[in-house]
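What follows is a short report on a single structure.
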Amino acid sequence: MVDWGIRPASETDVEAVAELRAVVLRADLERLGRYDEHRVRQRLRDGFAPAHTWVVETGGRFAGCVSLRPAEDAHWLEHFYLAPRAQGRGIGGAVLRDLLDRCDRDGTLVRLNVLQGSQARRLYERHGFAVETEDAVDVFMVREPAVAAAAAPGSRPTR
């Protein structure tokens, strides 16, 4: 795996992230008949929240982003995109593990949605996400926080 790091996002990152979103989602959106050159970028711009977003860097260069947006009952994992040059190198799994470890420490449920047929779904399933609902375009997934299974002395596990 290549060396990587994350840093807090800023407003100045929005265009790089919007462009990366268009590149990464294009094939899946085209397959679903939903690709629109303008809309794919504008949806990111409209929902970009630097306070809840990190930029992934490899070799000091922009390589991706991820958001973890707090909501009423969970955090939403959103805008998780890696540049094609950074994919398949273990970076996505490492970034996801880091974020999920934070949520586990806080006891926070994590939700996300992924496009139908996206290869990213396998990554999420490997990290404990399960399908909650789905429609023709999206698969909505949820992950319960990992809990240390330490039984109190003298207690018996229930079945």
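With all protein chains present, how much of the accessible area of segment 9-127 (probe radius 1.4 Å) comes from carbon and sulfur, to the nearest whole percent?
Here it works out to 45 percent.
Above 23 angstrom, tally the Cα pairs of segment 51-140 and express them as a % of all pairs, no decimals.
It works out to 22 percent of all Cα pairs.
Ratio of segment 68-109's C-alpha Rg to 2.2 N^0.38 Å, to two decimals?
In units of the globular-protein estimate, segment 68-109 measures up at 1.31.
Per residue, how much accessible area does segment 1-128 have with a 1.4 Å probe, in Å²?
Here the per-residue accessible area is 53 Å².
Would you mind calculating the gained length between Glu57 and Asp36 on full extension (0.36 nm times residue separation, minus the Cα-Cα distance), in nm to one decimal?
Gain on extension, Glu57 to Asp36, equals 4.8 nm.
On alpha carbon coordinates alone, what is the Rg over Rh value for the chain, Rh being the Kirkwood radius?
Here Rg/Rh amounts to 1.01.
Can you give the charge dipole size of the chain about its Cα centre, rounded to the nearest 20 debye, using +1 on the beta carbon of Lys and Arg and -1 on the beta carbon of Asp and Glu?
Taking the Cα centre of the chain as origin, the dipole is about 460 debye.
How much length would be gained if the chain were fully extended between Arg43 and Glu19, taking 0.36 nm per residue of separation minus their Cα-Cα distance, in nm to one decimal?
Full extension from Arg43 to Glu19 adds 7.5 nm.
Could you work out how far apart the two model spin labels at Val131 and Gln116 are, taking each label as a point 7 Å from the Cα in the direction of the beta carbon, and quote it in nm?
Taking the simple label geometry, Val131 and Gln116 are separated by 1.1 nm.
How large is Rg/Rh for segment 1-52, to two decimals, with Cα atoms and a Kirkwood Rh?
Over the Cα atoms of segment 1-52, Rg/Rh equals 1.05.
Test of understanding: what is the full-extension gain from Asp98 to Asp138, defined as 0.36 nm times their sequence separation minus their Cα-Cα distance?
Working it through step by step, the gained length comes to 11.9 nm.
Taking the DSSP beta bridges in the chain as the whole, what percent of them are antiparallel, to the nearest 5?
Of the beta bridges lying entirely in the chain, close to 95 percent run antiparallel.
Before rounding to the nearest 500, sum -39500 (n - 2.57) across all DSSP H runs of length at least 4 in the chain and divide by the residue total; then give [θ] at 222 nm in deg cm²/dmol.
After summing the helix terms and dividing by residue count, I get -10000 deg cm²/dmol.
The values are calculated or read from the model by the stated rules, or taken from the named source; none is laboratory data. As the structure is a prediction and not an experimental result, all values here were calculated from the model. Glycine gets a Cβ as well: all are built from the backbone with ideal geometry, and neighbour counts include every protein chain shown. Note: accessible area is taken over every heavy atom of the protein model, side chains too, but ligands, DNA and RNA are not part of it. Shrake-Rupley method; radii C 1.70, N 1.55, O 1.52, S 1.80 Å.
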